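See below for the structure under consideration.
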Amino acid sequence: MKLQGFPKRYENASEPTGDRWMAHYEAAKGVVDSGGILVLYGGNGTGKTRMAYELAKKASPPRAQYKRGSLLYDLPRIYTTAVNLFMQVRETFRKDSQVSESELIRRYSEASLLVIDEIQERGETPFEDRKLTQIIDSRYMDERPTILISNHTREEFAKSLSPAVLDRIRENGRGLNFNWGSFRRSDALKVGADPVSIAEG
Ligand SMILES: Nc1ncnc2c1ncn2[C@@H]1O[C@H](COP(=O)(O)OP(=O)(O)OP(=O)(O)O)[C@@H](O)[C@H]1O
Ligand SMILES: [Mg+2]
């Protein structure tokens, strides 16, 4: 399995905990395994990026492999932040760019799973809207799952996406609200503290 771009910090993290996080994980896996669009939103430290990483490792997206000759190869599962994605697109416009815009868009469109994190940080310009819609739409057409992550509330998030994307989410997608406290709270590290109850309090 090819994971590309995922933050290294989750590699050695301890096992995920928390009943509500686990329930969201099961729902999320269903969406990824059926090639839908998953929206994870909520406050800082609630375990959204971590969930995307766990899904990238364990989910079974449709058509995750391609055939060349008689051999099967894994398509990559790719993580990017929205800011990084649009920066890469703009870099392809430079005369000395090694990759063309269409190659870059194809790479993101053909990943067996694409995670776009920190959507709230993007510019929300018409250009970014068009690129985002283009990538999400071509993935939708091929039933390839996309995970969108944001710190925005549901309403703010909905406002920041194009009607075309929202319509596709309504058809085969799911929004999951991470409405509990941060797993990062330092109290969770104190001896005797129960990280789960703190996280869910
Ligand atoms: N279910 C969980 N059980 C235990 N620890 C967790 C769980 N989910 C996440 N963590 C840990 O909590 C920390 C924060 O998680 P994560 O980075 O996924 O938060 P986030 O929701 O993406 O936050 P932000 O919105 O600030 O990016 C990480 O160290 C992560 O490993
Ligand atoms: Mg995060």
Carbon and sulfur atoms: what percent of the 1.4 Å accessible area of segment 32-88 do they account for? 53 percent
In debye, nearest 20: dipole of the chain around its Cα centre with unit charges on the Cβ of K, R (+) and D, E (-)? 440 debye
Computed FRET efficiency, Cβ-Cβ of residue 57 and residue 96, R0 35 Å: what is it to the nearest 0.05? 0.45
Enumerate the aspartates and glutamates that residue 67 could reach by cross-link, defined here as Cα to Cα under 15 Å, with residues fewer than 8 away along the same chain left out. 110
When the C-alpha atoms of segment 1-59 are aligned to their principal axes, what extent does each axis show, in angstrom, from largest down? 27, 27, 18
Given a 1.4 Å probe, the accessible area of the chain per residue, as a whole number of Å², is 53 Å²
Accessible-area order (highest first, 1.4 angstrom probe) of the listed residues 87, 51: 87, 51
What distance in nm lies between label points placed 7 Å from Cα along the C-beta direction at residue 125 and residue 74? 3.6 nm
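Within segment 106-188, list the trypsin sites (Lys or Arg not before Pro) lying in a DSSP loop whose Cβ has at most 14 other Cβ atoms in a 10 Å radius.
Those that pass, being in a loop and sparsely packed, are 184.
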Out of 69, 105, 31, whose Cα points farthest toward the positive end of the dipole of the chain (charges: +1 Lys, Arg; -1 Asp, Glu; placed on Cβ)? 69
What Kirkwood radius, in Å to one decimal, follows from the Cα pairs of segment 43-125? 14.7 Å
Using 1/(1 + (r/R0)^6) with R0 = 22 angstrom and r between the beta carbons of residue 11 and residue 143, what's the FRET efficiency to the nearest 0.05? 0.15
Residue 110 - accessible surface, heavy atoms, 1.4 Å probe, Å² rounded to 10: 90 Å²
Count neighbours as other Cβ atoms within 10 Å of each site's Cβ, and list the trypsin sites (Lys or Arg not before Pro) in segment 16-103 that are DSSP loop with at most 15 such neighbours. 63, 94, 95
Out of the DSSP beta bridges found with both residues in segment 15-196, what percent are antiparallel (nearest 5)? 15 percent
Tell me the volume per residue, in Å³, of the convex hull enclosing the alpha carbons of the chain. 133 Å³
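The values are calculated or read from the model by the stated rules, or taken from the named source; none is laboratory data. These numbers were taken from a predicted model, which means no experiment stands behind them. When we count neighbours, we look across all protein chains shown, and the Cβ atoms used for this are built from the backbone with ideal geometry, even at glycine. Ligands, DNA and RNA are stripped out before the accessible areas are found, and what is left, the full protein with its side chains, is counted by its heavy atoms. Shrake-Rupley method; radii C 1.70, N 1.55, O 1.52, S 1.80 Å.
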